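Below: the structure, in structure tokens.
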Amino acid sequence: MSVKKACRGALIVLEGCDRVGKTTQAKLLVESLKNNGKPAQLMNFPDRTTAIGKMLDQYLKQSQELDDHAVHLLFSANRWECVSSMEKLLQEGTTLVVDRYSDSGIAFSAAKGLPVSWCAASDSGLPRPDLVLFLTLGGTELSSRGGYGQERYEEDSFQQRVMRNYNELKRDYWNVVNADEKSVEQLHSELLPLVTSAVAAAEDKPLLTLDW
Ligand code: 2DT
């Protein structure tokens, strides 16, 4: 008797500028997938719980200064240290919904002036997302969403450079979704079908790697 191999889960990534609602939407997507009987888990980068993540947390809270190259490599290392557990979960059939991933790494570091190709190199070989949901907001909507927090990068001109970089990173597995004037529920109901089809499509496909 042949035993059918468990279908793999999908790697779904949410990207976009600050305050666009990625974290809320990522949580809702995990809940909905689980309610529909699909194993799913939320992840976020930076993962501030690891030793590397704690350094990044200090840096983002502006209590530590670090060279831009060194910080970039720490963000990348923070992804690499999660790869074996990500691959295991995906192969066991769990879909991972990830709040920021490699594209944040490149878009933010390049916004400081580092070359895109240099930024991309350290992420080459990471699991490749099956779907990137890129959430966008118009300028007026963005400024009406309340003030930024106290963290590094939370400033309009920097965020605009980040958005320009994101636009250059778009690949065929990206889906750009405009979040302008949409309630949390409306946006969720737009994202869920995209995620559900990506989960179905990933089931029989091998997990690829990023080849920047
Ligand atoms: P949150 O506010 O989402 O916790 O992000 N960042 C993130 C980088 O500069 N490089 C990376 O590789 C990643 C994943 C984006 C904290 C900030 O960290 C930035 C915002």
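The values are calculated or read from the model by the stated rules, or taken from the named source; none is laboratory data. Please read these numbers as outputs of a predicted model, since none were measured by experiment. Note that each Cβ is placed from the backbone with ideal geometry, even for glycine, and that neighbours are counted across all protein chains shown.
Can you spot a residue in region 17-25 that is surrounded by fewer than 16 Cβ atoms within 10 Å (Cβ to Cβ) and in contact (Cβ under 8 Å) with a residue 40 or more places away in the chain?
Taking region 17-25 as the starting set, the residues that turn out to be surrounded by fewer than 16 Cβ atoms within 10 Å (Cβ to Cβ) are 23-24.
Retained after the next criterion (residues that are in contact (Cβ under 8 Å) with a residue 40 or more places away in the chain): 23-24.
Yes, region 17-25 contains a residue that is surrounded by fewer than 16 Cβ atoms within 10 Å (Cβ to Cβ) and in contact (Cβ under 8 Å) with a residue 40 or more places away in the chain.
GLY37 versus (1) of a type outside the set (A, V, I, L, M, F, W, C); (2) near the ligand (Cβ under 10 Å from one of its atoms); (3) assigned to a loop (DSSP other than H, G, I, E, B): which is the lone unmet condition?
Every listed condition holds for GLY37 apart from (2).
Could you say whether any residue in region 67-75 is more than 8 Å from the ligand (Cβ to nearest atom) and touching a helix residue (DSSP H, G or I) at 6+ places or on another chain (Cβ under 6 Å)? Break it down stepwise before answering.
Keep residues of region 67-75 that are more than 8 Å from the ligand (Cβ to nearest atom), which gives 67-70, 73-74.
Remaining after also requiring touching a helix residue (DSSP H, G or I) at 6+ places or on another chain (Cβ under 6 Å): 74.
Checking region 67-75: at least one residue is more than 8 Å from the ligand (Cβ to nearest atom) and touching a helix residue (DSSP H, G or I) at 6+ places or on another chain (Cβ under 6 Å).
Among the residues of region 86-110, which ones are out of contact with any Pro (no Cβ under 7 Å at 6 or more places or on another chain), surrounded by fewer than 18 Cβ atoms within 10 Å (Cβ to Cβ) and touching a residue at least 24 places away in the same chain (Cβ under 8 Å)?
GLN91, GLU92
Condition check ((1) within 14 Å of the ligand (Cβ to nearest atom); (2) modelled with pLDDT under 95; (3) within 30 Å of ASP204 (Cα to Cα)) across all residues:
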| position | (1), (2), (3) |
| --- | --- |
| GLY93 | no, no, yes |
| ASP103 | yes, no, yes |
| GLY113 | yes, no, no |
| LEU126 | yes, no, yes |
| VAL132 | yes, no, yes |
| GLN159 | yes, yes, no |
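Please verify whether region 113-127 includes one or more residues that are within 15 Å of CYS17 (Cβ to Cβ) and surrounded by 12 or more Cβ atoms within 10 Å (Cβ to Cβ). Don't jump to the end; show me each part of the working.
Residues of region 113-127 within 15 Å of CYS17 (Cβ to Cβ): none.
The answer is no, given that none of the residues of region 113-127 is within 15 Å of CYS17 (Cβ to Cβ) and surrounded by 12 or more Cβ atoms within 10 Å (Cβ to Cβ).
Quick one: is LYS34 more than 21 Å from PHE134 (Cβ to Cβ) and either in contact with a His (Cβ under 8 Å, 6 or more places away or on another chain) or of a type in the set (Lys, Arg) (or both)? Outline the logic, then answer.
Numbers: more than 21 Å from PHE134 (Cβ to Cβ): yes; either in contact with a His (Cβ under 8 Å, 6 or more places away or on another chain) or of a type in the set (Lys, Arg) (or both): yes.
Against the criterion (more than 21 Å from PHE134 (Cβ to Cβ) and either in contact with a His (Cβ under 8 Å, 6 or more places away or on another chain) or of a type in the set (Lys, Arg) (or both)), LYS34 qualifies.
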